[in-house]
Structures are given as C-alpha cells and as structure tokens.
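Structure first, then comments.
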Amino acid sequence: MSSCIAFIGGGNMASAIVGGLRRAGFPAEDLLVVEPFEAQRDRLAADFGIQPLAAADASLARARAVVWAVKPQLFQEAAVPVAPHVASALQLSVMAGLRSDAIARPTGASRVVRGMPNTPALIGQGITGLFASEAVTADDRALVEQLLQPTGRTVWVDNEGDLDTVTALSGSGPAYFFFLVEHMVAAARALGLDEAKARELALATCGGAAALALQSGDSPTALREKVTSKGGTTHAAITSLQADGVGEAIERAVKAAHRRAGELGDEFGRA
C-alpha cells in the first residue's frame with residue numbers, strides 16, 4: 001500500500017502536519033502538497049524539503065490519504081481537478097463547517113474523516129476533534145491519528161453534529177484565551193507595569209493554570225474556589241466578573257461560534 005499523503009492547500013494547518021511528519025522522519029517524496037501561491041510553495045520547500053505542486057495532477061493518484069486544508073468556501077473549486085485522482089483514498093478534512101457528505105460528493109470518495117484542529121497544533125500542543133463516516137475503517141482511524149500525532153492530541157466524537165461544538169470550543173478557543181490575555185495585559189499596563197513584564201506574567205500565569213488543571217483531579221470550579229479566599233484580592237476580581245456577566249458572555253460567545261459553524265456547513269455544503 002502506498003504511503004503517500006497529499007495535502008490540498010499548504011497553509012498553517014497543512015504546514016503543521018507536514019512539519020511534524022518530516023520531523024518524525026516521513027520521506028519528503030511521499031508528501032504531495034498542492035499550493036497555488038508561489039511564495040507559500042517556496043516556504044514549504046525551504047522548511048520541509050518537499051516539492052509542492054502549483055496545481056493538481058495525476059501524481060495525486062499515489063495518495064493513500066488526502067488532507068483537505070483549504071478555506072471551506074474554496075473547497076468546491078479546489079475539488080474539481082483533484083477528484084479524478086483521489087476517489088479511492090481516505091479523505092481527511094480540516095475545513096471548518098463542511099460536512100462529510102459535502103466532501104464525499106465532489107471527491108467521489110466514501111471514506112471521509114472530519115477533523116477540527118486548533119492553532120496550538122503549530123507547536124505540537126493542539127487538540128483535534130475527529131468524526132469518521134461509516135465507511136472509515138479501523139486502519140483509516142489509525143492512519144489519521146498517526147498523521148495528527150505530531151500536532152498534539154486527538155478526540156473522536158460519535159456524532160458529526162458534535163464537531164460544531166468542538167469548533168466553537170477548542171477550534172476557536174485559542175482566540176478566547178488571547179482575548180483574555182490582551183485585556184489582562186492592558187489592565188496591568190494601566191496600573192503602571194511595563195508591557196513586557198505584564199505579558200510574561202499573564203502568559204506564564206495562564207499557561208501554568210492550564211497545566212495545573214490538566215494534572216489535577218479537581219474541576220475548574222474547585223480549582224478556582226481554592227484560590228478565591230473570602231474578602232481577598234481574587235474574590236474581589238471574581239465578584240467583579242460575575243457582576244459584569246462575564247461568565248454568561250463567554251457562554252454566549254461559544255454558542256455564537258457554534259451557530260456560525262452550522263451556518264458554514266449549510267452555506268458551503270450544497271452540491
């Protein structure tokens with residue numbers, strides 16, 4: 001069986017997977033990347049020693065798996081020249097919103113896995129939610145996990161609709177974190193701390209808190225309560241956040257992202 005993996009699109013997520021595979025010793029000649037932009041092709045060649053294609057061609061027929069890493073609104077157009085060569089390959093999509101049947105129809109493929117990664121995949125600290133269509137085999141699942149292992153962790157969901165929630169939670173989640181840090185730093189600067197120190201303190205605090213939560217058997221609520229002494233500084237901050245409805249605002253934000261993920265599926269999933 002061919003070990004060749006093809007990527008349609010050579011942007012950040014494709015680069016994260018390709019880079020991880022190359023660091024793990026995957027042969028450059030078995031990685032095909034279709035990338036229309038010359039500057040990005042040059043970066044891929046320089047960074048990973050591969051020779052990207054400017055357009056799809058018959059060499060894609062070698063692919064055991066095809067990783068779709070284009071914007072969802074570009075998928076239908078991108079699939080036209082690719083489909084004649086890849087119908088028998090496993091299709092792995094990392095495109096937001098596009099549902100399995102919308103990927104299967106233009107490609108002629110029956111084995112489709114949808115994945116929703118996030119940007120920490122770029123440094124091997126990501127997490128990807130995965131859903132497999134009925135035709136996907138155990139070997140296919142193992143191949144997907146092998147491909148994504150260098151990017152971080154994977155979680156399989158049983159219902160495709162759950163990927164919209166994954167998109168809203170972990171796919172978009174890094175932006176929520178960065179937004180929080182932005183405002184923590186802004187507050188510290190307003191209180192007289194210089195930006196470099198404020199940024200270092202905020203990021204180290206958030207990173208350490210996440211590491212503690214991952215290692216602890218306690219819930220996030222319990223961990224918060226442990227550092228929130230009645231009448232103390234943390235209590236004052238949490239009381240202020242609760243008075244401003246920040247918790248409810250976060251829940252509304254995640255639900256808004258979930259709603260938009262569903263809209264993307266409806267908008268770009270038409271035949």
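The values are calculated or read from the model by the stated rules, or taken from the named source; none is laboratory data. Small disclaimer: the values here were computed from a predicted structure and weren't measured. Counting neighbours? That spans all protein chains shown, and the Cβs are built from the backbone with ideal geometry, glycine included. Just the protein is used for accessible areas: all its heavy atoms, side chains included, with ligands, DNA and RNA removed. Shrake-Rupley method; radii C 1.70, N 1.55, O 1.52, S 1.80 Å.
Worth a mention:
- For segment 137-235, taking the reciprocal of the average inverse distance between every pair of different Cα atoms yields a Kirkwood hydrodynamic radius of 16.9 Å.
- Based on Cα contacts under 8 Å between residues 6+ apart, segment 20-114 shows a relative contact order of 22 percent.
- The residues of the chain present an accessible area of 54 Å² per residue when probed at 1.4 Å with all protein chains retained.
- Sparse-neighbourhood loop sites, trypsin sites (Lys or Arg not before Pro) in segment 169-271 - DSSP loop, at most 11 other Cβ within 10 angstrom: 230, 270
- Within the accessible area of segment 1-83 (1.4 Å probe), percent carbon and sulfur: 55
- Rg/Rg_globular for segment 78-199, with Rg_globular taken as 2.2 N^0.38 Å and Rg from C-alpha atoms: 1.37
- Once the Cα-Cα distance is subtracted from the 0.36 nm per residue extended length, the residue 191 to residue 248 segment shows a gain of 17.8 nm.
- Portion, in percent, of the accessible area of segment 124-271 that falls on carbon or sulfur, probe 1.4 Å: 57
- Rounded to 5, percent antiparallel among DSSP beta bridges of segment 111-221: 45
- For segment 1-126: Kirkwood Rh in Å [reciprocal of mean 1/r, alpha carbons]: 14.4
- Amide hydrogen neighbours beyond the local backbone of residue 53, cut-off 5 Å, H modeled: 33, 34, 35
- Helices in the chain, meaning DSSP H runs of at least 4 residues, each add -39500 (n - 2.57). Divided by all residues, the mean residue ellipticity at 222 nm is -16000 deg cm²/dmol.
- Kirkwood Rh in Å, taken over all unlike Cα pairs in segment 84-125: 11.3
- Straight-distance crosslink candidates among lysines, where the alpha carbon sits under 16 Å from residue 255 and sequence neighbours closer than 8 are dropped: none
- Along principal axes, Cα extents of the chain, largest first, whole Å: 68, 38, 32
- Dipole axis of the chain (+1 Lys, Arg; -1 Asp, Glu on Cβ), positive-most option in 237, 31, 131: 237
- Taking a ≥ b ≥ c as the square roots of the Cα gyration tensor eigenvalues, segment 16-80 comes out prolate, since a/c reaches at least 1.5 and a/b is larger than b/c.
- In degrees, nearest ten, helix 233-243 long axis to first principal axis of the chain (Cα): 70
- Reachable lysines, given that their alpha-carbon falls under 17 Å from the alpha-carbon of residue 71 and they are not under 8 places away in the same chain: none
- Taken as Cα centroids, segment 105-126 and segment 63-94 sit 11 Å apart, rounded to the nearest whole angstrom.
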